[in-house]
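The next block holds one structure in the form of structure tokens; read it before the comments.
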Amino acid sequence: MARQATVKATKKRTTLNLEKLEDRINPATLIWDGEAGTFNWNDAKNWSTNALPSVTDDVVIPDLSGTPEILVDASTAIRSLDSRELVKVTAGKFALGSWAARWIWASVMCACT
Ligand SMILES: [Ca+2]
């Protein structure tokens, strides 16, 4: 007589453990597109997102035609800066955010009085 295998279904209960993940803010890269036709940092249209850079943003200003100065006339804080043009701060504070990866690759001049 052939031996018959018996398959017995068993119900196993598994407990799922959920772990709360840390909150994350994804930094964005904002690129100067000069759409406003000015060289004013605080003119939102000059940025690729048409919004001013914020403390979580990496900012890129490419090599522009001629040698324009990008004027910063109000306080701003960004995550990092990579600029091929002079960034001239005429008023307010120009700060890099409190992120670990902050860095700057640019010429920044303070023309504050
Ligand atoms: Ca734009």
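The values are calculated or read from the model by the stated rules, or taken from the named source; none is laboratory data. These numbers were taken from a predicted model, which means no experiment stands behind them. Ideal geometry is used to build each Cβ from the backbone, glycine not excepted, and the neighbour counts take in all protein chains shown.
Kindly list, by first and then second residue, each pair from a residue in the stretch 32-61 that is closer than 16 Å to Ser75 by Cβ and at pLDDT 95 or above to a residue that is assigned to a loop (DSSP other than H, G, I, E, B) and within 13 Å of the ligand (Cβ to nearest atom), limited to pairs with Cβ atoms under 7 Å and residues at least 6 apart or on different chains.
Asn42/Leu52; Asp43/Ala36; Ala44/Asn50; Ala44/Ala51; Ala44/Leu52
Within the stretch 4-31, how many residues turn out to be closer than 25 Å to Val55 by Cβ, surrounded by fewer than 10 Cβ atoms within 10 Å (Cβ to Cβ) and either modelled with pLDDT of 80 or more or among the acidic types (Asp, Glu) (or both)?
2
I'm told Ser65 meets every condition in (1) away from the ligand (no atom under 16 Å from the Cβ); (2) closer than 18 Å to Met109 by Cα except one. Can you identify the failing condition by its number?
Ser65 satisfies every listed condition except (2).
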